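Written below as structure tokens is the structure these notes are about.
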Amino acid sequence: MSKIRRMLDKCASGYSIEKKKHRQWVRYNGKTYHLSKGAHGEDDPEIQKGEIKQMVRHLEIDEKCAERHLEMLR
């Protein structure tokens, strides 16, 4: 999740993350995407590649920028 936050800092200026009990709500571009918090509500969970790709598409984040900052998307 820390790598995702760094990517959002660079590629999605103005985003916000709201932590809930089982999910983290990522808001950007007038849309919301729910990321899981991982097993047992970890502070820095490992998020699956497919879920990250879906979030990038849903929130309309520049895919080229996301790929530059998250090597797992390349």
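The values are calculated or read from the model by the stated rules, or taken from the named source; none is laboratory data. On a predicted model such as this, the values are computed, not experimentally measured, just so you know. For neighbour counting, all protein chains shown are included, and Cβ atoms are generated from backbone atoms with ideal geometry for every residue, glycine included. Calculation scope for accessible area: heavy atoms of the full protein, side chains included, ligands and nucleic acids excluded. Shrake-Rupley method; radii C 1.70, N 1.55, O 1.52, S 1.80 Å.
In table form, for the structure just shown:
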item	result
Residue selected from region 1-26 under the condition part of a strand (DSSP E or B) and open to solvent by 80 Å² or more (accessible area, probe 1.4 Å), by the criterion nearest to residue 72 (Cα to Cα)	23
Flag for residue 50 being part of a loop (DSSP other than H, G, I, E, B) and exposed (fewer than 11 other Cβ atoms within 10 Å of the Cβ)	no
Looking only at region 27-39, and only at residues there that are outside any strand (DSSP E or B) and surrounded by 15 or more Cβ atoms within 10 Å (Cβ to Cβ), the one that is modelled with the highest pLDDT	37
Pair list, Cβ < 9 Å and 6+ apart or interchain, from region 1-25 residues that are within 19 Å of residue 53 (Cβ to Cβ) to residues that are in a strand (DSSP E or B) and open to solvent by 90 Å² or more (accessible area, probe 1.4 Å)	25/19
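For (1) modelled with pLDDT of 95 or more; (2) under 12 Å from the mean Cα position of the chain (by Cα); (3) polar (S, T, N, Q), each residue gets a yes or a no:
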| position | (1), (2), (3) |
| --- | --- |
| 1 | no, yes, no |
| 41 | no, no, no |
| 56 | yes, yes, no |
| 64 | yes, no, no |
| 74 | no, no, no |
